[in-house]
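The values are calculated or read from the model by the stated rules, or taken from the named source; none is laboratory data. A quick note: this is a predicted structure, and the numbers were derived from the prediction, not measured. Reconstructed Cβ throughout: ideal geometry from the backbone, glycine too, with neighbour counts over all protein chains shown. Just so you know, the surface numbers come from the protein's heavy atoms only, side chains and all, with ligands and any DNA or RNA stripped out. Shrake-Rupley method; radii C 1.70, N 1.55, O 1.52, S 1.80 Å.
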Amino acid sequence: MRIGIIGAGQLGRMMALSGIPLGLQFAMYDHGAGVPGAAVAPVVTGRFDDHRKLARFARSVDIVTFDWENVPVESVRAIAKIRPVWPPPRALAVSQDRLSEKRLFQRLGIPVAPFSAVDTRSDLERAVAALGTPGILKTRRLGYDGKGQALLRRASDADAAWESLQGRPLLYERFVNFSREVSLVAARDRAGRIACYPLAANVHEQGILVETRAPYRHAGLQRAAERHHRRLMQALGHVGVLCVEYFVERGRLVANEMAPRVHNSGHWTIEGADTSQFENHVRAIAGLPLGATRARGHSVMVNLIGRMPACEAVLGMPGVHLHDYGKSPRPGRKLGHLTAVAATARQRDRAALRLLRVAGR
């Protein structure tokens, strides 16, 4: 079987690396040739809205997936007329619009922070008056790693927030006074069987994921997150991996956003789980049985952002695994990640401190 991946970033690369040992073949499509996925699979270059070129690419593979949720949904729908696309275009469409995403969460009984659509300056005034401050004004589309957001600490911040983001469909959301950020990664196969990983605890800086520790053991929150996932995946007809990020507020989960793909907060599963999120995504879309999601110990994953440490220094650290994406450095760019797996949470936490120092955090 030949799997086509729209997007050839590090996620596409890690998908292919997980599927090649299973006897699967891969091809990728991206707007440029100098991409991480080029190290492991052929890459067809072209615009993401070039339907003719995408159609030729689709005909060269058996099924299609994607490693980035900002691929134009119209392009994915066009591909779906030629080859099966997993996750389905509906999942991609919902994830591309924060308003659609929040409304779906609400309809399925998944808690979210109070929010309001904002299209005009008057809309923003009404939203701030109704929901209060602090709050966050966000673009509805094309926001990731903290981009397209403005914090309103008080009502008087509305002018600056509006000036920075106006001209695009927006969403105002009341700030969640959370104690922890967590995420759940799960895979669903074509027959509707679901395999959930343990919750993971995440730390972000300026909207960018810095660190993940797993498992985050809380039986009640794990059950709630798995219940939410089942509802979401069934409603979307989802096949493949889905991640939902949550805030923990006063002992309950508040959904922040979802990603219909393998996710940065699931990178710990490569070394830290019986089957990685990447392999389970590939298994699911290829019609293969899902693998076990049991944690092998206590894991920490630290992103390498903006610069890479000396390879020799990292590889000399016992039990540390280096993943270099082959990207050129620039501020705020994820260039790779480090992971370590320990027998106990205390040992994991000590390892996390070492990894954070190496990463320059």
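The base-10 log of I(q)/I(0) for region 284-361, evaluated at q = 0.15, 0.19, 0.21 Å⁻¹, reads -0.60, -0.82, -0.91 [Debye formula, identical scatterers on Cα atoms, solvent excluded]. Remark: region 228-361 carries 39 Å² of accessible area per residue (probe radius 1.4 Å; ligands, DNA and RNA excluded).
Annotation for Leu142 and Ala129: the two label points, set 7 Å from Cα along the Cα-Cβ direction, are 3.2 nm apart. For the residue pairs Lys138/Lys334; Lys53/Lys334; Lys102/Lys138; Lys102/Lys334, the alpha carbons lie more than 20 Å apart in Lys138/Lys334; Lys53/Lys334; Lys102/Lys334. Relative contact order of the chain, taken over Cα pairs closer than 8 Å and 6 or more residues apart, is 14 percent. Each peptide in 67-77, 252-262 gets a packing score, the mean of other Cβ atoms within 10 Å over its residues, and the list from highest to lowest is 252-262, 67-77. Across all directions, the average flat footprint of the convex hull enclosing the Cα atoms of region 229-295 is 5.0 nm².
Mean residue ellipticity at 222 nm, helices only, the chain: -9000 deg cm²/dmol; runs of at least 4 DSSP H residues each add -39,500 (n - 2.57), and the sum is divided by the number of residues. Hydrodynamic radius of the chain by the Kirkwood approach over all distinct alpha-carbon pairs: 21.0 Å. For region 107-160, the share of alpha carbon pairs falling in successive 10 Å distance bins from zero is 22, 52, 24, 2 percent. Distances over 27 Å make up what percent of all Cα-Cα pairs in region 105-264? Counting every Cα pair in region 105-264, those more than 27 Å apart make up 28 percent. State, as an integer percentage, the relative contact order of region 136-176 based on alpha-carbon contacts under 8 Å between residues 6 or more apart. For region 136-176, the relative contact order is 53 percent. Contact order, relative form, for region 157-215: 22 percent (alpha carbon pairs under 8 Å, 6 or more residues apart, mean separation divided by residue count).
Across the alpha-carbon set of region 28-103, the Rg to Rh ratio works out to 0.98, Rh being the Kirkwood radius.
Computed log10 I(q)/I(0) for region 185-249 at 0.21, 0.22 Å⁻¹: -0.89, -0.95, from the Debye equation with unit scatterers placed on every C-alpha and solvent omitted. A compact globular protein would have a Cα radius of gyration near 2.2 N^0.38 Å; the ratio found for region 94-199 is 1.22. Computed across region 208-345, the Kirkwood radius stands at 16.5 Å (inverse of mean 1/r, all Cα pairs). Normalised by residue count, region 134-179 yields a Cα convex hull volume of 72 Å³ per residue.
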